[in-house]
Amino acid sequence: MKKFIQTLKNIWSIEELKSKILVTLLLIAIYRVGTHIALPGIDPNKLPTGGSGTGILGLIDAFAGGAFSQASILALGIMPYISASIFMQLMTILYPPFQKLQKEGDSGRKKINQYTRILTIVVAALQASAYVAYLNSPGYKEAIIPAYSSYFYISTTIVLTAGTLFVMWLGERITDKGLGNGSSVIIMVGILARLPQSMVQQYSSITTKYQGGGGLLLFVLMIAVLVAIIMGLIVLIQGVRKIPVQYAKQIVGNRQFGGARQFLPIKVNSAGVMPIIFAQAIMFLPTLLSNFETTQGLAKIFNDHSNVWYMVIYSVMVIAFTFLYTALIFNPKQIADDLKRNNGFIPGVKPGQPTADYIGAIMDRITLPGAVLLALVGILPGFAQRLGVSVQFSTFFGGTSLLIMVGVILDTLQQIETQLLMRQYDGLMKSGRIQGRQSSSAPVSM
């Protein structure tokens, strides 16, 4: 405890770090206030309670911190910007002109960021139009003030698009002036905002079902399992396979360069949260067929996360997407060329194509267990539901929410530890250093 208090004092004594923390907290507070401001023309007292369910709307509501189900001016949250960023990231991998832009340095990145912002406006406008149709469905339609209904479509589309741009701006300010990646921090805050209410609901449900001390004991056991899952997830995120790399000695003038032995870190989970997001997007598609009588059974399976068939199909898709996305973002040939250009080599392996084949083989071997573990994380909420955990609380036992939450916290702690070590303070850990997702050789957004 004394060590922890001293670490907090060290953090607060660094003026730059203190400023970053205060700016981040202020911008997060502004965002959270905005999520509780209802759209013009909406009567908040007539909005339905209970969130947006467990489908894709429930996922969007989770990322928006409940703003989606509350018909807030920030209902779309940061998701249009994230969707545009993912699309642009894939384009820089698959489309040669964007590959060339990315290699141009700062000027190329600025152009890509500008294209991302323009695409964000388009995506936000389209999603805002769809959200207006959603608000006109039974349950929400009663909350629209009749005198405002003729202006509702235009005003809501404009306000929601502007709200997304405002959240995007907040995220950029957090990235520039605060701690961590702003977009990821905003998503994490939205996820964490639901945790206290979900825990209270779960505790009330258990204590009502199990009278006496049995309910409390079972709830404590659930929390212990949740902590164990988080610890295992940290190992999965930080796990790396270190490939030894030797650099040839070079003598320039009277000085010697190179000759040092280093390591090339290959992450067990290089794809991050992307395979789970892609798999969820595909799994949500059959639920759109629920209005047809012949496909209601299929839609019911894909809408029930605790269904055995859902978990099997979902696991296979996560594993497949993990290999696919890893192949897209990880290029062994480029790494081998970079090593050769910098006079580096892997001991016992010839430079060039043999090095690329060696790195690719190692990547394939460690991606398989990483993909299986990622699939297990994805279906853990379904197992939790089958064991009696409520739908809302079960989302914290795995899946997208937990992966994003743990990854963002690790990134933020890594930045704090870097600031401490730069000023010769002790780090946050007694042994070793915190490794966030950004320490990987192939960083992944979100």
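Taking the stretch 138-156 as the range and being part of a helix (DSSP H, G or I) and either farther than 21 Å from LYS46 by Cα or hydrophobic (A, V, I, L, M, F, W, C) (or both) as the test, the residues that pass are ALA143, ALA147, PHE152, ILE154. Put simply, of VAL167, VAL159, VAL185 the only residue that is more than 22 Å from the chain's Cα centre (by Cα) and either at pLDDT below 85 or outside the structural domain of ILE404 (by TED's automatic domain parsing) (or both) is VAL159. Might you let me know whether the stretch 247-263 holds any residue that is among the β-branched types (Val, Ile, Thr) and modelled with pLDDT of 70 or more? Checked the stretch 247-263: no residue is among the β-branched types (Val, Ile, Thr) and modelled with pLDDT of 70 or more. Pairing each residue of the stretch 216-243 that is charged (D, E, K, R) with any residue that is surrounded by 17 or more Cβ atoms within 10 Å (Cβ to Cβ) and in a helix (DSSP H, G or I), provided the two are 6+ apart or on different chains, yields C-beta distances under 8 Å for ARG241/ILE366. Within the stretch 216-250, the set of residues being of a type in the set (Phe, Trp, Tyr) and loosely packed, with under 15 Cβ neighbours inside 10 Å is empty. Selection of first residues in the stretch 132-152 that are small (Gly, Ala, Ser) and of second residues that are part of a loop (DSSP other than H, G, I, E, B), restricted to Cβ pairs under 7 Å at least 6 apart or on distinct chains, gives the following pairs, ordered by first then second residue: GLY139/PRO48; ALA143/ASP43; ALA143/LEU47; ALA143/ALA71. Taking the conditions (1) farther than 27 Å from TYR95 by Cβ; (2) touching a helix residue (DSSP H, G or I) at 6+ places or on another chain (Cβ under 7 Å); (3) of a type outside the set (Gly, Ala, Ser) in turn, TYR148 satisfies each one other than (2). Under the condition of being surrounded by fewer than 16 Cβ atoms within 10 Å (Cβ to Cβ) and not small (Gly, Ala, Ser), the residues counted in the stretch 176-215 number 12. The sole residue among ASN136, ASN181 that is of a type in the set (S, T, N, Q) and within 21 Å of LEU22 (Cα to Cα) is ASN181.
If I filter the stretch 65-80 for residues that are within 25 Å of ILE282 (Cβ to Cβ), of a type outside the set (D, E, K, R), touching a residue at least 24 places away in the same chain (Cβ under 8 Å) and surrounded by fewer than 20 Cβ atoms within 10 Å (Cβ to Cβ), do I get at least one hit? No, that holds for no residue. Of all residues in the stretch 155-169, those satisfying the criterion of being hydrophobic (A, V, I, L, M, F, W, C) and surrounded by 22 or more Cβ atoms within 10 Å (Cβ to Cβ) are LEU160, VAL167, MET168. Restricting attention to the stretch 338-384, the residues being among the polar types (S, T, N, Q) and closer than 19 Å to MET317 by Cβ number 1. Out of THR49, THR35, one residue alone is among the β-branched types (Val, Ile, Thr) and either in contact (Cβ under 8 Å) with a residue 40 or more places away in the chain or closer than 22 Å to TRP169 by Cα (or both). It is THR35.
Rundown of residues vs (1) aliphatic (A, V, I, L, M); (2) buried (at least 22 other Cβ atoms within 10 Å of the Cβ), yes/no style:
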position	(1), (2)
VAL312	yes, no
LYS333	no, no
PRO347	no, no
GLY360	no, no
THR367	no, yes
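Do we find a residue being among the β-branched types (Val, Ile, Thr), in the same structural domain as LEU26 (by TED's automatic domain parsing) and exposed (fewer than 15 other Cβ atoms within 10 Å of the Cβ) anywhere in the stretch 141-154? Yes, the stretch 141-154 contains at least one residue that is among the β-branched types (Val, Ile, Thr), in the same structural domain as LEU26 (by TED's automatic domain parsing) and exposed (fewer than 15 other Cβ atoms within 10 Å of the Cβ). Filtering the stretch 179-215 to residues that are hydrophobic (A, V, I, L, M, F, W, C) and either in contact with a helix residue (DSSP H, G or I) (Cβ under 9 Å, 6 or more places away or on another chain) or in contact (Cβ under 8 Å) with a residue 12 or more places away in the chain (or both) leaves LEU179, VAL185, ILE186, ILE187, MET188, VAL189, ILE191, LEU192, ALA193, LEU195, MET199, ILE206.
The values are calculated or read from the model by the stated rules, or taken from the named source; none is laboratory data. Note that the coordinates shown come from a computational prediction; the quantities given were computed from them, not determined experimentally. Virtual Cβ from ideal backbone geometry, glycine too; neighbours counted across all protein chains shown.
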